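Engineer: One structure coming up, written as structure tokens, with questions to follow.
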Amino acid sequence: MTLLKVEHLRIALPEGADRSHALYDLSLQLRSGECLCVVGESGSGKSMLAKALLRQLPTPLTVESGRLVFRDEDLANRGEAAMRELRGRDISMVFQEPMSALNPLLRVGEQIDETLRAHGVKSAGERRQRVVDLLGYVGLPDPERLRLAYPFELSGGQRQRVVIAMALAFDPALLIADEPTSALDVTTQAQILELLRKIQRDKGMALLLITHDFAVVEAIADRVLVLEKGRVVEQGGARQVLDEPRAPYTRQLLAAVSAQPREPRGVVSGAVVLKAEQLNKVFTTRAGWWGRRITRALDAVALQLREGETLGIVGESGSGKSTLGRCLVRLLRADSGHIQWLGQDVVGLSEGRLRPLRSEVQMIFQDPFASLNPRQTVGRIIMTGPLVQGRSKADAEARARALLELVGLPATAFERYPHEFSGGQRQRIGIARALAVEPKVLIADECVSALDALIQVQILELLESLQRRLKLSIVFITHDLRVAARLCDRIAVMQNGRVVEQGDTAGLFADAQHPYTRALLRCAAPEANAMSL
């Protein structure tokens, strides 16, 4: 039975955008129990399709023409109260950026409970049990305890599981998943995809999955729709599109996925610009009324980074990678150990004494939407660093415009706001902001995890180019060993807060010593992914 039908959908973009329409004449059908993957590079209009179905297009975008038919009813004919009843119950969505989808001031259990209350579940006991069941269903450990945690206490992968649990609260007929696995490590990604397939089998649920990852398409899709700049360039069965793509753009996307790692450079022998010794960080959270749960996020971590070198930090979600990155840039204080920037120990420095040094070490954050001020224009966001350094407004503006061009964004981006850009485009803005103060060390926390393969390659090539030109040193945090292999000179593998193995990239790939590293390498192989699913 056809559950969803989209007919000749057009969504116009505001004047000054890089094209006239976010979506132009898009048509598709989705049956109950079927998975349709919508694929395309960043900015192709994938997320706009999802928001149009939920009638949540950002202002000033509107549906210019076309029909969105769900269960034989045009959604345009539904009032806002009727749409609120539909959202979360019959149609649910898993958003691309879990940190921006979750309220940072509420415990995760309260947020799922809020959804249940909004749709009429009155019994507090019934709601609590449903919350615990959902958290356990999506594979989160100790759900009774975890329901009391705040979003910031969870890893990126755990936050995404909470968002999925919230979307499944009422077993919706249609689940829209906007890049639900883009920021997850390969093992967690496989678990989430298997979970979604299980739900489909059990419930007969339709799944509209938005992704840039053809490994995800191969694992789960029944049919595929390929978007390029808002237009459908190819649509068909998954095997046909993957094995015999007709459109040049589809072939280009598939070629980017199979791109080979670059040849490794020789040993980088520059001066040490960043060093960590015996770094420890412990988080203590409440467990029940009187208990405390201790998580050792960093356990005696030691590493160093040389001028012009790229050091990869690799591990699964929750391994301590992001905590390490935040400690290295002094956004978190380590409990013990030493951190040196350009030979100076910064662990004990006050914020006032640290401020003049901050331009030397900058960070690109994992979640570009949460890290960009939604009330400031992109130009203002990039100009802030140079202005704080004392540069003139004209100089800061000229640098901001030059950086926008450097990271591949149009000149018109200067006057626009973060919400007007796709996830990949927002990440480019984050990179431009980090480069605005001309740092010597760049700490990139999953900076390409949410990007499609084409944009990933472009961003990695951009970082390589900047590194050669500026002698930039990079700590590159990622869950994807294939991405690390393209950029990194050396790799440190983290598990449960410890560095279990580190060495040059070629040697580690050829002869990994630690069982955990070997397990990650098996998961990183495409054929291994296919077998695991």
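The values are calculated or read from the model by the stated rules, or taken from the named source; none is laboratory data. What you are looking at is a predicted structure, and each value in this text was computed from that prediction instead of being measured. Cβ coordinates were reconstructed from backbone atoms using ideal geometry, including for glycine residues, and neighbour counts include every protein chain displayed.
Engineer: How many residues, within region 203-212, are surrounded by fewer than 22 Cβ atoms within 10 Å (Cβ to Cβ) and not aliphatic (A, V, I, L, M)?
Structural biologist: The qualifying residues number 2.
Engineer: Continuing with the same structure: Specify the residue that is farthest from PHE70 (Cα to Cα); the eligible residues are those in region 142-194 that are among the acidic types (Asp, Glu) and in contact (Cβ under 8 Å) with a residue 24 or more places away in the chain.
Structural biologist: Result: GLU153.
Engineer: Something else: Restricting region 459-515 to residues that are of a type in the set (S, T, N, Q) and in contact with a Lys or Arg (Cβ under 9 Å, 6 or more places away or on another chain), which is nearest to GLY312 (Cα to Cα)?
Structural biologist: Within region 459-515, the match that is nearest to GLY312 (Cα to Cα) is THR478.
Engineer: Out of the residues in region 431-441 that are farther than 15 Å from GLN366 by Cβ and in a helix (DSSP H, G or I), state the one that is nearest to the chain's Cα centre (by Cα).
Structural biologist: Restricting to residues being farther than 15 Å from GLN366 by Cβ and in a helix (DSSP H, G or I), the top hit is ALA432.
Engineer: Would you confirm whether any residue within region 38-53 is in contact (Cβ under 8 Å) with a residue 24 or more places away in the chain, crowded, with 19+ Cβ neighbours inside 10 Å and in a strand (DSSP E or B)?
Structural biologist: Checked against the condition, which is being in contact (Cβ under 8 Å) with a residue 24 or more places away in the chain, crowded, with 19+ Cβ neighbours inside 10 Å and in a strand (DSSP E or B), region 38-53 yields at least one hit.
Engineer: Still on this structure: Name the single residue that is surrounded by the most Cβ atoms within 10 Å (Cβ to Cβ) among those in region 76-120 being among the basic types (Lys, Arg) and within 26 Å of LEU4 (Cβ to Cβ).
Structural biologist: Top of the filtered list is ARG87.
Engineer: On to the next question. Identify the residue in region 343-397 that is in contact with a His (Cβ under 7 Å, 6 or more places away or on another chain) and in a loop (DSSP other than H, G, I, E, B) and, among all such residues, is nearest to LEU303 (Cα to Cα).
Structural biologist: VAL347
Residues are listed down the side, and each one gets a yes or a no for (1) more than 25 Å from GLY343 (Cβ to Cβ); (2) over 24 Å from the mean Cα position of the chain (by Cα):
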site	(1), (2)
ASP299	yes, yes
GLN304	no, yes
THR310	no, no
SER317	yes, no
GLY325	no, no
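Engineer: Need the failing condition index for ALA118 against (1) aliphatic (A, V, I, L, M); (2) without any contact (Cβ under 8 Å) to a residue 40 or more places away in the chain; (3) under 30 Å from LEU332 (Cβ atoms), just the number.
Structural biologist: So the condition that ALA118 fails would be (3).
Engineer: Look at ARG428 and say whether it is within 23 Å of the chain's Cα centre (by Cα), on the phi < 0 side of the Ramachandran plot, of a type in the set (D, E, K, R) and part of a helix (DSSP H, G or I).
Structural biologist: Criteria met by ARG428.
Engineer: Only one of (1) in contact with a Phe, Trp or Tyr (Cβ under 8 Å, 6 or more places away or on another chain); (2) not in a helix (DSSP H, G or I) fails for ALA413. Which number is that?
Structural biologist: (2) is the only condition that ALA413 fails.
Engineer: Looking for whichever is touching a residue at least 60 places away in the same chain (Cβ under 8 Å) and either of a type outside the set (Lys, Arg) or buried (at least 24 other Cβ atoms within 10 Å of the Cβ) (or both) here; the options are GLY503, GLY497. Which one fits?
Structural biologist: None of the other options fit; the residue is GLY497.
Engineer: Still on this structure, please answer the following. Take LEU28 and tell me if it is part of a helix (DSSP H, G or I), at pLDDT 90 or above and touching a strand residue (DSSP E or B) at 6+ places or on another chain (Cβ under 8 Å).
Structural biologist: Criteria not met by LEU28.
Engineer: A further question follows. Restricting the search to region 1-25, which residues are more than 22 Å from MET93 (Cβ to Cβ), aliphatic (A, V, I, L, M) and not in a loop (DSSP other than H, G, I, E, B)?
Structural biologist: Within region 1-25, ALA12 is the sole residue that qualifies.
Engineer: Something else: Filter region 301-341 down to residues that are assigned to a loop (DSSP other than H, G, I, E, B) and surrounded by 17 or more Cβ atoms within 10 Å (Cβ to Cβ), then give me how many there are.
Structural biologist: 13
Engineer: Moving on. Would you mind listing the helices (runs of 4 or more DSSP H) fully within region 452-519 where at least 1 residues are out of contact with any His (no Cβ under 6 Å at 6 or more places or on another chain), among the aromatic types (Phe, Trp, Tyr) and farther than 30 Å from GLU438 by Cα?
Structural biologist: 505-510
Engineer: To continue, here is another question. Would you confirm, using the coordinates I've provided, whether ILE455 is touching a residue at least 60 places away in the same chain (Cβ under 8 Å) and either small (Gly, Ala, Ser) or over 23 Å from SER155 (Cα atoms) (or both)?
Structural biologist: Yes: the conditions hold for ILE455.
Engineer: Let me ask something additional. Is it true that PHE414 is of a type in the set (Phe, Trp, Tyr) and more than 28 Å from PRO180 (Cα to Cα)?
Structural biologist: In short, yes.
Engineer: Which one is surrounded by the most Cβ atoms within 10 Å (Cβ to Cβ) among residues in region 165-202 that are in a helix (DSSP H, G or I) and among the small types (Gly, Ala, Ser)?
Structural biologist: Only one residue tops the list, namely ALA165.
Engineer: Follow-up. Can you tell me which condition ARG468 does not meet? The list is (1) buried (at least 20 other Cβ atoms within 10 Å of the Cβ); (2) farther than 30 Å from ASP335 by Cβ; (3) not polar (S, T, N, Q), and all the others hold.
Structural biologist: Going through the list (1) buried (at least 20 other Cβ atoms within 10 Å of the Cβ); (2) farther than 30 Å from ASP335 by Cβ; (3) not polar (S, T, N, Q), ARG468 breaks only (1).
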